[in-house]
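Values quoted throughout were computed directly from the atomic coordinates according to the rules given, and no laboratory measurement underlies them. The structure presented is a predicted model; accordingly, all values stated were derived computationally and were not measured. As a convention, Cβ positions derive from the backbone with ideal geometry for all residues, glycine included, and neighbour counts pool all protein chains shown.
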């Protein structure tokens with residue numbers, strides 16, 4: 001019993017340590033998402049323009065489909081000329097006279113276009129502020145594979161934290177008479193609100 005109880009407590013505190021920052025982040029952004037219409041956006045826009053080297057422009061060949069990543073040489077020149085980093089996995093949309101590169105990001109958006117006739121490059125990045133950035137982290141919007149994996153691991157840790165917490169409450173209920181009323185409140189309050197007030 002002692003070993004089992006100690007193991008249970010260990011799972012509980014380890015999962016709570018893993019969840020700590022995530023729970024704070026998701027709890028705070030839960031409030032900001034719930035009141036998003038009351039929080040003013042902090043919009044800012046950055047625009048840049050440049051010119052693709054004509055020899056490089058002539059060497060471009062359209063892909064078989066409608067979309068494909070930019071060639072490495074083009075990405076390197078964009079970084080050198082207008083200081084814009086296009087990740088290698090980003091799919092560009094190839095048209096007859098233009099390449100359009102959508103680059104959505106948490107808390108904002110960005111895009112880049114290359115005129116296939118003149119070589120003119122246009123880049124624009126819009127940001128909506130720190131709150132919008134954190135809200136998009138909460139939703140997993142345009143956050144990439146690594147953050148998606150973090151959300152999955154965090155969700156599993158939260159499940160372990162909740163189940164081991166409930167188990168600990170049940171094991172210690174004799175010394176804590178408020179255990180069952182607290183569990184019942186946590187269970188039935190959301191259900192009552194959903195039934196009576198959510199339409």
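Measuring from label point to label point, each 7 Å out along Cα→Cβ, what is the residue 51 to residue 189 span in nm?
Modelled inter-label distance: 6.6 nm.
Provide the gained length on full extension for the span residue 105 to residue 20, in nm with one decimal, where the gain is 0.36 nm per separating residue minus the Cα-Cα distance. Mind dumping the intermediate values first?
Values: separation 85, 0.36 × 85 = 30.60 nm, distance 2.52 nm.
Taking 0.36 nm per residue and subtracting the Cα distance, the gain is 28.1 nm.
Just how far, in whole angstrom, is the stretch 5-51 from the stretch 154-170 if you go by their alpha carbon centroids?
Here the two parts' Cα centres lie 20 Å apart.
Quick check on packing: order 12-18, 105-111 by the mean number of other C-beta atoms within 10 Å, highest mean leading. Intermediate values should be presented prior to the final figure.
Details: 12-18: 15.4, 105-111: 17.7.
Highest-to-lowest ranking by the protection proxy: 105-111, 12-18.
Taking just the alpha carbons, could you work out the radius of gyration and Dmax for the stretch 44-127, both in angstroms?
12.1, 37
Arranged by the count of other C-beta atoms within 10 angstrom, fewest first, what order do 114, 23 take? Provide the component values of the computation, followed by the final result.
Details: 114 25, 23 15.
Ascending number of Cβ neighbours within 10 Å: 23, 114.
Expressed as a rounded percentage, what relative contact order does the chain have, with Cα pairs under 8 Å and six or more residues apart?
Across the chain, relative contact order equals 24 percent.
Quick one: what do you get for the chain if you divide its Cα Rg by 2.2 N^0.38 Å? Walk me through the intermediate numbers first.
Values: Rg = 25.4 Å, N = 199, 2.2 N^0.38 = 16.4 Å.
Taking the Cα Rg and dividing by 2.2 N^0.38 Å, one obtains 1.54.
Can you give the calculated 222 nm mean residue ellipticity of the chain, where each DSSP H run of n ≥ 4 adds -39,500 (n - 2.57) and the sum is split over every residue, rounded to the nearest 500 deg cm²/dmol? Working shown, then result.
Details: 6 runs with 107 residues, N = 199.
Helix contribution divided over all residues of the chain: -18000 deg cm²/dmol.
What angle do you read, to the nearest 10 degrees and between 0 and 90, between the alpha-carbon axis of helix 130-139 and the longest principal axis of the chain?
The answer is roughly 70 degrees.
Only Cα pairs under 8 Å and at least 6 apart count here; give the relative contact order of the stretch 44-127 as a rounded whole percent. Could you put the intermediate results ahead of the total?
Values: 141 pairs, mean separation 29.4, N = 84.
Across the stretch 44-127, relative contact order equals 35 percent.
Can you pull the one-decimal nm distance between simple spin-label points at residue 72 and residue 146, each 7 Å off the Cα toward Cβ?
Label at residue 72, label at residue 146, 2.1 nm between them.
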